[in-house]
1. Across segment 4-37, which residue is modelled with the highest pLDDT among those that are among the hydroxyl-bearing types (Ser, Thr, Tyr) and assigned to a loop (DSSP other than H, G, I, E, B)?
2. Restricting to segment 4-36, give me the number of residues that are touching a residue at least 12 places away in the same chain (Cβ under 8 Å), surrounded by fewer than 12 Cβ atoms within 10 Å (Cβ to Cβ) and out of contact with any Phe, Trp or Tyr (no Cβ under 9 Å at 6 or more places or on another chain).
3. Checking residue 41 against (1) within 25 Å of residue 236 (Cα to Cα); (2) surrounded by 12 or more Cβ atoms within 10 Å (Cβ to Cβ), which test does it fail?
4. Residue 54 versus (1) surrounded by 12 or more Cβ atoms within 10 Å (Cβ to Cβ); (2) among the acidic types (Asp, Glu); (3) outside any helix (DSSP H, G or I): which is the lone unmet condition?
5. Going through 129, 80, 122 one at a time, which residue ends up being closer than 20 Å to residue 198 by Cβ, in the same structural domain as residue 151 (by TED's automatic domain parsing), surrounded by fewer than 16 Cβ atoms within 10 Å (Cβ to Cβ) and modelled with pLDDT under 95?
6. For the structure I just gave you, tell me whether residue 261 is in a helix (DSSP H, G or I), aliphatic (A, V, I, L, M), within 14 Å of the chain's Cα centre (by Cα) and crowded, with 16+ Cβ neighbours inside 10 Å.
7. Residue 134: in the same structural domain as residue 257 (by TED's automatic domain parsing) and part of a helix (DSSP H, G or I), yes or no?
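The values are calculated or read from the model by the stated rules, or taken from the named source; none is laboratory data. Quick caveat, the model's predicted, so the values are computed rather than measured. We place every Cβ from the backbone using ideal geometry, glycine too, and count neighbours over all the protein chains shown.
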Amino acid sequence: MRDTEWEKLLAADYKVRGRRKPSFYSESGILVDDLYDQSSFSRIGFDPDTDLGEPGRFPFTRSIHSSMYRGSYWIMGQYAGFGNPDATNERFKYLLKNGQTALALALDLPTQLGLESDNELADGEVGKAGVSINSLRDMEEIFADLPLNEAHQIFTTANAIGPIMLALFLALGEKQGVDASQYNVVLQNDILKEYVSRGAYIFPPTPSLKFSIDAVEYCARHHPNFTPIVVCGSHMRQGGATAVQEVAFTLSNAKAYFDEAIGRGLDIDDFAPSLEMSALSAYEPV
């Protein structure tokens, strides 16, 4: 039962200090109570034994890692990449020198759309909002004196061109003499959200989905240490979705990827552990 003495204290506090508004709601329109306690669990049917659990165990409410963040620090990887490969290389070196532990490669829009810099459709967009990549040589310049295995992980967007960026990283590793088992590439490679929120796609949805899963299948069979898809909800949230819609669309997209991969004969346990999901925080009161 709710502590009636506390409720009296709350009422007295509001009487003295006032109340900014009658009710508070999350960004998704969900009423936020003044207090959450044991009685709140029973009202919503929340059972700590089955719905909370321990860290590192299903349902993973308290982290996917049993050690949570006592085992290692957060990965720090500021999104970077602008202009030409040399400028991006200089920026990466600066960030690593100042404590960054991972690299996040920003691609310009022509690169994201598979266009070379001299394509007329790329006019005015080359080197903006990310670095321009036209060949393996550009990748070599971006990562000059930066062995792929020195960063905790290397992330890049590459939604419409996921398998192409995967191939470039594998070829770069060979050029550097670094075995692919020694570094970790994280591809966003989430093409479905492009049709909902960003618009950076090349082909219709069905062939695009198959192209994305080509990277998932290849990594599952040859490079299970890589992350071939990060299913994103944040772009849809930024495009106007509520927090609930964001989660719903993200899970729906993830299901489509899973269905395509399983349809190719992949076992879910062979690829699901290497996938990630990304979303914005959802329930701050407004």
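1. Step one: filter segment 4-37 for residues among the hydroxyl-bearing types (Ser, Thr, Tyr), giving 4, 14, 23, 25-26, 28, 36.
Next cut, assigned to a loop (DSSP other than H, G, I, E, B) only: 23, 28, 36.
Details: 23: 92, 28: 75, 36: 84.
Filtering first and then ranking leaves 23.
2. Result for segment 4-36: 1.
3. It is condition (1) that residue 41 fails.
4. Of everything listed in (1) surrounded by 12 or more Cβ atoms within 10 Å (Cβ to Cβ); (2) among the acidic types (Asp, Glu); (3) outside any helix (DSSP H, G or I), residue 54 misses just condition (1).
5. Within the list 129, 80, 122, the selection yields 129.
6. no
7. Values: in the same structural domain as residue 257 (by TED's automatic domain parsing): yes; part of a helix (DSSP H, G or I): no.
Answer is no for this residue.
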